[in-house]
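Enquirer: Can you keep this structure in mind? I'll have questions shortly.
The values are calculated or read from the model by the stated rules, or taken from the named source; none is laboratory data. The model shown is predicted, which means the values in this text are computed figures rather than measured ones. Cβ atoms come from the backbone with ideal geometry, glycine included; neighbour counts cover every protein chain shown. Remember, those area values only see protein heavy atoms, side chains included, never the ligands or the DNA or RNA. Shrake-Rupley method; radii C 1.70, N 1.55, O 1.52, S 1.80 Å.
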Amino acid sequence: MKRKYLIIGGILITLILYKIMNNTSNNSKPSDKVVTEKVRERFKSGDITLNGESTRKEQIKGVWHYYYWRHFTVTAKSAEGLTGKMTGAVIYEKIGDTYSFHNYATGEMSVGGVKDPNKDEIINYLYANLQDFLGGAYNDIVGEKPIISIPDNSKFNWGSPEMLTLNIKVVYSRKVSYTEIEKAEHTYETMLFKNGADGEWNRILADNIEGEKKVISRKKYTSAEIDAMKTLQ
């Protein structure tokens, strides 16, 4: 009987230690201190700010799982004066009244202090690489060369000193059928990459499939007329 009590006692102690090690307590969400320590395990340097919480649930094989998200931001400054910012969350799973660490989630990353390029520099680079920029639309464009511009309110978002994201507006006329031409203004979220922080632009990724579109006009022609129109090729 004594052995039985020792075994039960050992199990209870193990359960209590498990809760302590996983920073949990009955019906109590993880404290700010506990969450901050968990963030520090993932990010060894930088200033940590906790900024909000949320709850989510998902069904896995017919069973509902409930999660508590504690959101955070980590900021750090380099010797060169660049400021890095990463958003994310520490995720805990709630089982009964117990919150156990489940995973990390990382969100947006941005870098401050990078000098923005001249708009003409970007536009000239896009014109020099139109096919890479316009993707599948390139082969269907007719008439004059597309008009590329950067909106005045477009933000220069640096994911790193080598990666820039911004919105680009493009106006062009495109074949949309054998007998129709559509002229439209497209807004593409565009990512530009450099070969090193001080290098040249060398790659483009543009959301030119789902980009926002504003139709300016749409006209009908004969198929022969469309075939005779000048293209970019």
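Enquirer: Given 0.36 nm per residue, what is the gain on full extension from Gln131 to Lys44 after removing their alpha carbon distance, in nm?
Expert: On the way: separation 87, 0.36 × 87 = 31.32 nm, distance 4.26 nm.
Full extension from Gln131 to Lys44 adds 27.1 nm.
Enquirer: Something else: For the cross-link pairs Lys38/Lys61; Lys115/Lys155; Lys155/Lys230; Lys145/Lys219; Lys183/Lys230; Lys44/Lys155, which exceed 24 Å when the distance is taken from alpha carbon to alpha carbon? Don't jump to the answer; show the numbers that get you there.
Expert: Values: Lys38/Lys61 29 Å; Lys115/Lys155 13 Å; Lys155/Lys230 34 Å; Lys145/Lys219 18 Å; Lys183/Lys230 15 Å; Lys44/Lys155 30 Å.
With Cα atoms farther than 24 Å apart: Lys38/Lys61; Lys155/Lys230; Lys44/Lys155.
Enquirer: When the Cα centres of region 29-69 and region 123-171 are compared, how far apart do they sit, in Å?
Expert: For region 29-69 versus region 123-171, the Cα centre distance is 38 Å.
Enquirer: Once you've got the GNM for the chain with C-alpha springs shorter than 10 Å, pick whichever of Arg70, Arg174, Arg42 has the biggest mean-square fluctuation.
Expert: Arg42
Enquirer: Mind checking the per residue accessible area of the chain for me, 1.4 Å probe, whole number of Å²?
Expert: Working: 15100 Å² over 233 residues.
I get 65 Å² per residue for the chain.
Enquirer: Here's another thing I want to ask about it. Using amide H atoms built in the peptide plane, which far-off residues or other-chain residues are under 5 Å from Ala206 H to H?
Expert: Here the answer is Met191, since their amide H atoms fall under 5 Å of that of Ala206.
Enquirer: Only four residue types carry charge here, +1 at the Cβ of Lys and Arg and -1 at the Cβ of Asp and Glu. Report the dipole size of region 127-233 about the Cα centre in Debye, rounded to the nearest 20. It would help to have the intermediate numbers written out before the result.
Expert: Numbers: 14 positive and 16 negative charges, 76 e Å.
Charge dipole, region 127-233, about its Cα centre: 360 debye, nearest 20.
Enquirer: Right, another one. Let's see if you can work this out: charge +1 on each Lys and Arg Cβ, -1 on each Asp and Glu Cβ, no other charges. What is the dipole magnitude of the chain about its Cα centre, in debye to the nearest 20? Show your work: numbers first, answer last.
Expert: Details: 33 positive and 29 negative charges, 292 e Å.
About 1400 debye.
Enquirer: For Lys29, list the aspartates and glutamates whose Cα falls under 15 Å from its own Cα; do not include residues on the same chain fewer than 8 positions away.
Expert: Glu37, Glu53, Glu93, Asp97
Enquirer: Related question: How large is log10 I(q)/I(0) at q = 0.15, 0.19, 0.24 Å⁻¹ when the Debye formula is applied to the Cα atoms of region 129-222, each weighted equally and without solvent?
Expert: Evaluating at q = 0.15, 0.19, 0.24 Å⁻¹ gives log10 I(q)/I(0) of -0.62, -0.90, -1.26.
Enquirer: Moving on. Kirkwood-based Rg over Rh for the chain (C-alpha set), two decimals? Walk me through the numbers before you get to the answer.
Expert: Working: Rg = 27.3 Å, Rh = 22.6 Å.
Rounded to two decimals, Rg/Rh equals 1.21.
Enquirer: If you take the beta carbon distance between Ser223 and Phe156 as r and set R0 to 41 Å, what does 1/(1 + (r/R0)^6) give as a FRET efficiency, to the nearest 0.05? If you can, show how the numbers build up before the last one.
Expert: Working: r = 43 Å, r/R0 = 1.06.
Once rounded, the FRET efficiency stands at 0.40.
Enquirer: Using alpha-carbon pairs under 8 Å, 6+ residues apart, how would you state the relative contact order of the chain in percent? Don't jump to the answer; show the numbers that get you there.
Expert: Working: 413 pairs, mean separation 28.9, N = 233.
It rounds to 12 percent for the chain.
Enquirer: Relative to the longest principal axis of the C-alpha atoms of the chain, give the angle of the C-alpha long axis of helix 32-42, reported between 0 and 90° and rounded to the nearest 10°.
Expert: 60 degrees
Enquirer: Using a basic spin-label model with each label point 7 Å from the Cα along Cα→Cβ, how many nm lie between Ile95 and Ser110?
Expert: 3.8 nm
Enquirer: With a Förster radius of 35 Å, plug the Cβ-Cβ distance of Asn202 and Lys145 into 1/(1 + (r/R0)^6) and report the FRET value to the nearest 0.05. Show your work: numbers first, answer last.
Expert: Numbers: r = 23 Å, r/R0 = 0.65.
Once rounded, the FRET efficiency stands at 0.95.
Enquirer: Continuing with this model, one more query. Using a Gaussian network model of the chain with C-alpha springs under 10 Å, which one of Ile91, Ile122, Ile216 is most mobile by mean-square fluctuation?
Expert: Ile216
Enquirer: Right, next: How many percent of the accessible area of region 77-233 is carbon or sulfur, using a 1.4 Å probe? Before the final figure, lay out the partial values.
Expert: Numbers: 4270 of 9300 Å².
Carbon-and-sulfur percentage of accessible area, whole number: 46.
Enquirer: Suppose the chain between Lys119 and Ala76 were pulled fully straight at 0.36 nm per residue; how much longer would it get relative to their current alpha carbon spacing? Before the final figure, lay out each step's value.
Expert: Values: separation 43, 0.36 × 43 = 15.48 nm, distance 2.81 nm.
The Lys119-Ala76 span can extend by a further 12.7 nm.
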